[in-house]
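What follows draws every value from the coordinates through simple rules; no lab data is involved. What you see is a predicted model; the values in this text were computed from it and never measured.
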Amino acid sequence: MPRAIAYHRPDSVEDVVVLLNDRSHQPLAGGTVLNGDDDPTPVTMVDLQGCGLDGISEDAGRLRLGAMTTLHDILNDDRVPTGLAVAAQAELPSTLRTLATVGGTVATGDPDSVLVAALLVHDARVELVGPGGYQMLPLANLLKAGVAASHVITAVEVDLSGDGDCVRQSAARTPSDTPIVSATARNASDGVRLALTGMAAYPVLVDPLDPTAGLEPISDFRGSADYRRTLAKVLSKRAASAVGGVT
């Protein structure tokens, strides 16, 4: 667990940005990542709870998830598409879903995150605040670049348009394990969108016609790179077919 040498709880995002200008300061959302890290490096925690960043709202065909909205809240809100809610449920056990936040999940960008994959196929955009003010970035771009220092995620917006919900196909050692590889597909307004986990350093959007193009997955105790590629092709075909896409 990181050694917290100081703690701040600002009541505005602007104050958070000022505090995060110091590289030793780290944002604290639900605490499941920062408090669960084995890194002993001393840190100053900047708690986001006082900034009013939670809550879910809908407007003009998009759903806005405040960065401090918990996975439990996503799972239990009727406005959230079923596939997205199911992904939130699969992300963590129930004891942690009441703590973990959508902003923290996105900022971490875990390569196995089925929730991030579901957000990707819902054309998610991420709202950030930094020294230059507010900006909105596609989630795929943010995952590639990472969250810049002194920036904080304030919300995630998802597209509700399209034909039907997202579908996930996964392969794991046991039903309760984190998937070795998963494929999430959705028939969006611009065609089938497909995202893979377990194939890169973060979940990625891929071409449904050639899902493994350009990907160099790791080999580890759960499976070799070639095994992951094979899984990705099979699961992608199943997921895309399930939403009426590539067969």
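Below is a table of values for the structure above.
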| item | result |
| --- | --- |
| Cα pair distances exceeding 15 angstrom across region 53-119, given as percent | 46 percent |
| Cα point-scatterer Debye curve for region 146-237, base-10 log of I(q)/I(0) at q = 0.18, 0.19, 0.20 Å⁻¹ | -0.87, -0.93, -0.98 |
| Relative contact order [Cα under 8 Å, 6+ residues apart], the chain, whole percent | 16 percent |
| Computed [θ] at 222 nm, helices only, for the chain once each DSSP H run of length n ≥ 4 contributes -39500 (n - 2.57) | -7500 deg cm²/dmol |
| Whole-number Å³ per residue for the convex hull built on Cα positions in the chain | 127 Å³ |
| Long-range amide H partners of Ala67 with built H, under 5 Å | Ala155, Val156 |
| Tail beyond 27 Å, pair distance distribution of region 47-183 (Cα, percent) | 15 percent |
| Normalised contact order of region 147-206, rounded percent, pairs of Cα under 8 Å and 6 or more residues apart | 23 percent |
